[in-house]
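Below is one structure; the comments refer to it alone.
The values are calculated or read from the model by the stated rules, or taken from the named source; none is laboratory data. The model shown is predicted, which means the values in this text are computed figures rather than measured ones. We place every Cβ from the backbone using ideal geometry, glycine too, and count neighbours over all the protein chains shown.
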Amino acid sequence: MAQDLIRAFETAQEVAEAVAKDFIAFTNTCIAESGSAVVAISGGTTPNTLFELLNTDAYRTQLDWENIFFLWVDERFVPQTDPDNNFYRAKERLFASIGGSSHFYPVPTNSGTVEEAADAYEKEVATVLSACEKDGVDLALLGLGDDGHTASLFARSQALEEKKRTVIPVTDGKVWNRVSMSFPFLAKARNVWFTVVGESKAAALGRVLRQRKEYMDESWEERIGHVLPGAVLSQDTVTWYVDKAAKN
């Protein structure tokens, strides 16, 4: 694994602006090369400022929305009308104004069980990738929890033991049952961007970055159980966007 690229900024707003600008450049290049950009968005509060920026005229008009396909890295198993639902937040901040010009594929959480939702979403992810003629997402936008988790993959969770499935139910996480992309699938992402802001993330970020350096020569499979989830992925294309509060 190559050394991670760490991009540090003074404020969380500057982080979001950098991610937004890079997102525009990345997706436009990806579309020019392959005809589409498949992006997996993580849940939680981290993407909110990015969504709001992309919804402004300055950014929105620079994106080729018709050829960007949005998937969700993870989702809380609550209805899509619930404010705790990650898609609900994204819809409120971005997709409601983009409308039919974009392709977004939320996790089906309005009925059934979390296991059924994971099964259904695994099939939908496969359908999207097949239509775009890709083996994995072009970009996974991830966050980092203050306990070092990423996606809905928590330390000591049974979800870390998954070796084959693309999307899995997570029933031993925090507060909610969840649906999450698995490490075997995220390990196929062409690019991985972590956004980490705020003093509350500083301890976890420091530990994860140390572990990533310590286990640099190990595969993602070999890292599981030895490092925090945020340190598992071993692509050569991992970038960290962090603010001063998180980096200190």
Residue under evaluation E75, criteria (1) over 19 Å from the mean Cα position of the chain (by Cα); (2) among the charged types (D, E, K, R); (3) not in a helix (DSSP H, G or I), criterion not met: (1)
I'd like to know if region 213-228 contains one or more residues that are exposed (fewer than 15 other Cβ atoms within 10 Å of the Cβ), of a type in the set (S, T, N, Q), at pLDDT 95 or above and farther than 30 Å from K123 by Cβ. no
In the set F77, F69, which member is in contact (Cβ under 8 Å) with a residue 60 or more places away in the chain, in contact with a helix residue (DSSP H, G or I) (Cβ under 9 Å, 6 or more places away or on another chain) and within 19 Å of V19 (Cα to Cα)? F69
Criterion (acidic (D, E) and not in a loop (DSSP other than H, G, I, E, B)) met by exactly one of E222, E218: E222
For region 98-123, name all the residues that are closer than 25 Å to F51 by Cα, in contact with a Pro (Cβ under 8 Å, 6 or more places away or on another chain) and surrounded by fewer than 16 Cβ atoms within 10 Å (Cβ to Cβ). N110
By residue number, the members of region 167-213 that are assigned to a strand (DSSP E or B) and small (G, A, S) are S180
Across region 96-116, what is the number of residues that are of a type outside the set (S, T, N, Q), under 14 Å from L71 (Cα atoms) and more than 17 Å from the chain's Cα centre (by Cα)? 1
Please work out if F95 is aromatic (F, W, Y), buried (at least 16 other Cβ atoms within 10 Å of the Cβ) and assigned to a strand (DSSP E or B). no
Hits in region 33-60 - residues which are of a type in the set (G, A, S), farther than 14 Å from Y105 by Cα and not in a helix (DSSP H, G or I): G35, S36, G44
Quick one: would you say T109 is of a type outside the set (F, W, Y) and out of contact with any Gly (no Cβ under 8 Å at 6 or more places or on another chain)? yes
Conditions (1) part of a loop (DSSP other than H, G, I, E, B); (2) within 30 Å of T171 (Cβ to Cβ) -> L63 fails only (2)
